[in-house]
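Colleague: What follows is a single structure, and I will ask about it in a moment.
The values are calculated or read from the model by the stated rules, or taken from the named source; none is laboratory data. Only a predicted model underlies this, so the values are computations on that prediction, with no experimental measurement involved. No Cβ is skipped: glycine too gets one built from the backbone with ideal geometry, and neighbour counts run over all protein chains shown.
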Amino acid sequence: MKMTSRQIYAVLVLAVLASPSMGQTDQTRPSTYDECITDSMQGVGSDVAANAIISSCRNQFPEQVEAVAPQEDIAPQPEDVASGTSRDLTPEELGMLNATAFVSGNSYRMTFRNGNEHLTLTEVTIAVWDKSNPDGRQEYSQKVRIGPLQSDSAKYTVVSKSTGFDWSSTYEDESAWIVTAAKGMD
């Protein structure tokens, strides 16, 4: 049986995740399900590898998985999450926001890690584009509620205006994304 590079990559990811001592020291092991997903998804571009990571994180933190909303049930959070008014994040504050994406067709499930110590995120805006048409960049905003030094997820549904771009085929090779803006409250 001949294995594709995608299958080989998935097997390697599974091997490292199944035996954490091979891939990382105890000091760098995630302590929560969200950290496991956020840390492990960095640079992952295939569904096979992402699904393997999700499965491994679920096995490592089974008690926390039930607390995480299923992908279909992620709903916008109200903007009034604390007393005060949301404001645009400064470039320094935005730089403290780490994001990873799990892409499936036109659905982007983003996991955000708020590295700001005194700021609750209330909205995050991402831009998505077809790499062959960077001018076709489209922005999508989502209400969130992510406390200081916390992680959470949000779902973005991307609508392509490009007639030649098929989100369901080889999107990991053809599309790109970036966090462009965010709002928060002190």
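Colleague: May I ask you to list the residues in the range 97-118 that are surrounded by fewer than 19 Cβ atoms within 10 Å (Cβ to Cβ) and over 15 Å from the mean Cα position of the chain (by Cα)?
Modeller: 117, 118
Colleague: If I ask for residues that are of a type in the set (A, V, I, L, M) and either without any contact (Cβ under 8 Å) to a residue 60 or more places away in the chain or in contact with a helix residue (DSSP H, G or I) (Cβ under 7 Å, 6 or more places away or on another chain) (or both), which ones from the range 111-147 would you list?
Modeller: First, the residues of the range 111-147 that are of a type in the set (A, V, I, L, M): 119, 121, 124, 126-128, 144, 146.
Passing the criteria: 119, 124, 126, 127, 128, 146.
Colleague: Something else about it: Evaluate the range 41-55: report whether one residue or more is of a type in the set (S, T, N, Q), modelled with pLDDT of 75 or more and surrounded by fewer than 16 Cβ atoms within 10 Å (Cβ to Cβ). Before you say what the answer is, go through the steps one by one.
Modeller: Residues of the range 41-55 of a type in the set (S, T, N, Q): 42, 46, 51, 55.
Those still in the list that are modelled with pLDDT of 75 or more too: 42.
Cutting the leftovers down to surrounded by fewer than 16 Cβ atoms within 10 Å (Cβ to Cβ) gives us 42.
Yes: one or more hits.
Colleague: Going residue by residue through the range 91-105, is there one that turns out to be within 23 Å of residue 36 (Cα to Cα), of a type in the set (S, T, N, Q) and at pLDDT below 90?
Modeller: yes
Colleague: Could you tell me which of the residues 117, 139, 123 is in a loop (DSSP other than H, G, I, E, B), of a type in the set (Asp, Glu) and modelled with pLDDT of 90 or more? Step through it out loud before you land on a result.
Modeller: Working: 139 fails: in a loop (DSSP other than H, G, I, E, B); 123 fails: in a loop (DSSP other than H, G, I, E, B).
Every option except 117 fails the conditions.
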